[in-house]
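Enquirer: My questions will all concern the structure given below.
The values are calculated or read from the model by the stated rules, or taken from the named source; none is laboratory data. The structure displayed is predicted, hence computed values, not measured ones. Here the Cβ positions follow ideal geometry from the backbone for every residue, glycine too, while neighbour counts run over all protein chains shown.
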Ligand SMILES: [Zn+2]
């Protein structure tokens, strides 16, 4: 037993020492990198200022790219995203404006967060605890993202925002996020298994969808996981529920693009003899389990009386 303890003690000490050495080496690297970052910060929309200082610069499709280190495969990603914009245009039946997009890519998480905070001091820790972010600065779409295995999905998501927002400035927050989540799925199905599981579970424990409530949300801070999941599910229903659903979405977007203030989608269910929430429940079949037995037992009681 003692031997084991000693061995553990030694291992712990040596790992601490190695960790300290690693930390020292890393801190040196971070100091240098942060100095560079200070020099290139606050340049989100002005390529002439600081752009040349970035370690890696490239142009790919609609993207003007700046990164902290070289990034592979940008041309094929840009090609994929241009095809995605064509698909969106067909699906949504509105012309979309593809502006030149400023794309900032980071391999280093600390640099990514420091860059976001320096350029957008209003961001909260929750805002930067993510893989990517989209902002519209004037008319210039800006995407800031981490590289890594999720890059493709992150870029698909943020690219949808970058294409929709200049074309539809009045797009409601829930639909903006719903469409981004629908189109981010690389296989093109729009199906988000994790969010579907979450909603099925929530519905089983009594949660009910409420489109009008979702439509009333105007700030990112009001959108938690439940709101994101619900926004995706309404979007998926509108895109995949059948021709009448997609037509409902298209006519809404056309009016939105004209600059008029269209009736919200929750009020466009008239004539279908059902509410949006009933359509949702029928489409997904995620019923509220606790109420169902209650319903049947009430029915039995009524039958037996
Ligand atoms: Zn988003």
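Enquirer: Out of curiosity, is residue 210 closer than 15 Å to residue 238 by Cα and either over 17 Å from the mean Cα position of the chain (by Cα) or assigned by TED's automatic domain parsing to the domain that holds residue 230 (or both)?
Expert: yes
Enquirer: Search region 145-171 for residues that are free of Cβ contacts under 8 Å to residues at least 40 places away in the same chain and pair each with any residue that is more than 12 Å from the ligand (Cβ to nearest atom) when their beta-carbon atoms are under 6 Å apart and the residues are at least 6 apart or on different chains.
Expert: Partner pairs satisfying both residue conditions: 165/136.
Enquirer: Which is surrounded by fewer than 17 Cβ atoms within 10 Å (Cβ to Cβ) and away from the ligand (no atom under 13 Å from the Cβ), of 124, 147, 140?
Expert: Unique residue meeting the criteria: 124.
Enquirer: Only one of 258, 219, 204, 213 is under 29 Å from residue 124 (Cα atoms), at pLDDT below 95, away from the ligand (no atom under 13 Å from the Cβ) and surrounded by fewer than 16 Cβ atoms within 10 Å (Cβ to Cβ). Can you tell me which? Walk me through it before giving the result.
Expert: Numbers: 258 fails: under 29 Å from residue 124 (Cα atoms); 204 fails: under 29 Å from residue 124 (Cα atoms); 213 fails: at pLDDT below 95.
Of the residues listed, the single one that is under 29 Å from residue 124 (Cα atoms), at pLDDT below 95, away from the ligand (no atom under 13 Å from the Cβ) and surrounded by fewer than 16 Cβ atoms within 10 Å (Cβ to Cβ) is 219.
Enquirer: Are any residues in region 134-158 part of a helix (DSSP H, G or I) and within 10 Å of the chain's Cα centre (by Cα), and if so, which ones?
Expert: Restricting attention to region 134-158, the residues satisfying the condition of being part of a helix (DSSP H, G or I) are 151-158.
If the condition is that a residue be part of a helix (DSSP H, G or I) and within 10 Å of the chain's Cα centre (by Cα), then 153, 154, 155, 156, 157, 158 are the ones that fit.
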